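Beneath this line is the structure, given in structure tokens, with notes to follow.
Each value in this text was obtained by applying a stated rule to the coordinates, not by laboratory testing. All of these numbers come straight from a predicted model, not from anything done at the bench. For neighbour counting, all protein chains shown are included, and Cβ atoms are generated from backbone atoms with ideal geometry for every residue, glycine included.
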2 protein chains.
Amino acid sequence: MSDANWGTPIEVALPSWAVALANTASPCRTDEARVALAIALARGNVEHGTGGPFGAAVFEEATGRLVSVGVNLVETRDNAVLHAEVVALMFAQRALGSYTLASPPAPVAHVLATSCAPCAMCLGAVHWSGVSRVLIGATRDDAMAIGFDEGPVFPESVRYLEARGITFVEGIERASARAVLQRYRELGGPLYNG
Amino acid sequence: MSDANWGTPIEVALPSWAVALANTASPCRTDEARVALAIALARGNVEHGTGGPFGAAVFEEATGRLVSVGVNLVETRDNAVLHAEVVALMFAQRALGSYTLASPPAPVAHVLATSCAPCAMCLGAVHWSGVSRVLIGATRDDAMAIGFDEGPVFPESVRYLEARGITFVEGIERASARAVLQRYRELGGPLYNG
């Protein structure tokens, strides 16, 4: 705390099990398969004890090719920004070498799949990301029910992004997504909030 | 784009001029001095061509000791998440070795100063960050006026955070903050949006 260490970069690293999962993933052509992978990442994060019960992934819309994965790294990296969606978007943008995943300038459109409805920060990250669709498993209420305060997200927040061309689909594989949240609670995983 | 490179961490690094500025900063005991440092970071980012016209810093509330700085790194790092506030919060959390800057568990309260009103993502990051106050230079309208779409932030978004104990003070050193935005526009700096 006394040594600020401003000159040393912060590293955002995926857990090795998540890298292995990503390396063996097949293209996911359906919305259900895409959210299922995000949920598998959330489940893996809980079972491996590498973070909160949330996972996300970015795919090429047309082909289903996996572009990136993300898991919640808040506790393990001492970094409140590293939600699953933020991590997945960061890795996708690095993979493309661009701060936007929109097509154009990217050659194809991209979609974000997430195990749980984006919190206020992640919804804002979606706004800047250039993805054209967001596929969601569990709902905001499901996350709030186990104790996470998802921040200021209102119906008009989603409408604001929809008006700018981003489509949202919620409740895909919801029971499976909710089961991961329940499992996290059963294991006594920490709930952090502002 | 074909090589996903998931096993290699993403690095978030401050520009060297910003590290030098942080290393020579005196404690900032007034709100004006805190926002002035954030504006100096924004101005430096424009003049050095290292990113968008935004700067931020985290201070200990009681002493004014500088805990971290941040500048917009979206274009230079190909990363839409790296707004000034996000970068400053990430470095502050690393400095404390905790995902929250709240006291407790941190020994003292922390305040975020920013050259411009937080966008939707950054407001969400503030929600999770543990800061107790946010000091703001230019307004949302000032940023929108030069072409940045700040995302879904509504009066009730701020009220949501205020209800959880976070105080917002806007318009500090606004003319100086706005001048940096104007300078960026005069120089033809790129405007990126979702």
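In this structure, does B:Leu191 turn out to be surrounded by fewer than 19 Cβ atoms within 10 Å (Cβ to Cβ), more than 25 Å from A:Val158 (Cα to Cα) and out of contact with any Ser or Thr (no Cβ under 9 Å at 6 or more places or on another chain)? No.
Hey, does the range B:119-128 have a residue that's closer than 17 Å to B:Ala84 by Cα and more than 14 Å from chain A (Cβ to nearest Cβ)? Spell out the reasoning first.
In the first step, residues of the range B:119-128 are kept if they are closer than 17 Å to B:Ala84 by Cα; the result is B:119-128.
With more than 14 Å from chain A (Cβ to nearest Cβ) added as a condition, the list becomes none.
No, because not a single residue in the range B:119-128 is closer than 17 Å to B:Ala84 by Cα and more than 14 Å from chain A (Cβ to nearest Cβ).
Mind listing whichever residues of the range B:142-179 are of a type in the set (Val, Ile, Thr), more than 21 Å from A:Val158 (Cβ to Cβ) and touching a strand residue (DSSP E or B) at 6+ places or on another chain (Cβ under 9 Å)? Correct list: B:Ile166, B:Thr167, B:Val169, B:Ile172. For the criterion of being buried (at least 22 other Cβ atoms within 10 Å of the Cβ) and free of Cβ contacts under 8 Å to residues at least 60 places away in the same chain, B:Ala163 fails.
What are the residues in the range B:166-187 that are touching a Leu at 6+ places or on another chain (Cβ under 8 Å) and on the phi > 0 side of the Ramachandran plot, if any?
Pass one, the range B:166-187, residues touching a Leu at 6+ places or on another chain (Cβ under 8 Å): B:168-169, B:172.
Hits for the range B:166-187: nothing passes.
Scan the range A:68-90 residue by residue and report those that are more than 22 Å from A:Leu161 (Cα to Cα) and of a type in the set (A, V, I, L, M, F, W, C). The answer is A:Val69, A:Val71, A:Leu73, A:Val74, A:Ala80. There is at least one residue in the range B:65-85 that is more than 11 Å from chain A (Cβ to nearest Cβ), within 26 Å of A:Thr8 (Cα to Cα), hydrophobic (A, V, I, L, M, F, W, C) and under 16 Å from the mean Cα position of the chain (by Cα).
Run down A:Arg65, A:Arg34, A:Arg43 and say which single residue is basic (Lys, Arg) and in contact with a Ser or Thr (Cβ under 9 Å, 6 or more places away or on another chain). That would be A:Arg43, the only listed residue that is basic (Lys, Arg) and in contact with a Ser or Thr (Cβ under 9 Å, 6 or more places away or on another chain). When the range A:1-49 is limited to residues that are among the β-branched types (Val, Ile, Thr) and more than 9 Å from chain B (Cβ to nearest Cβ), the one that is surrounded by the fewest Cβ atoms within 10 Å (Cβ to Cβ) turns out to be A:Thr24.
Taking the conditions exactly as written (free of Cβ contacts under 8 Å to residues at least 40 places away in the same chain, surrounded by 23 or more Cβ atoms within 10 Å (Cβ to Cβ) and either touching a strand residue (DSSP E or B) at 6+ places or on another chain (Cβ under 6 Å) or of a type outside the set (Val, Ile, Thr) (or both)), does A:His110 satisfy them or not? Please lay out each step first, then the result.
On the way: free of Cβ contacts under 8 Å to residues at least 40 places away in the same chain: no; surrounded by 23 or more Cβ atoms within 10 Å (Cβ to Cβ): yes; either touching a strand residue (DSSP E or B) at 6+ places or on another chain (Cβ under 6 Å) or of a type outside the set (Val, Ile, Thr) (or both): yes.
So A:His110 fails the test.
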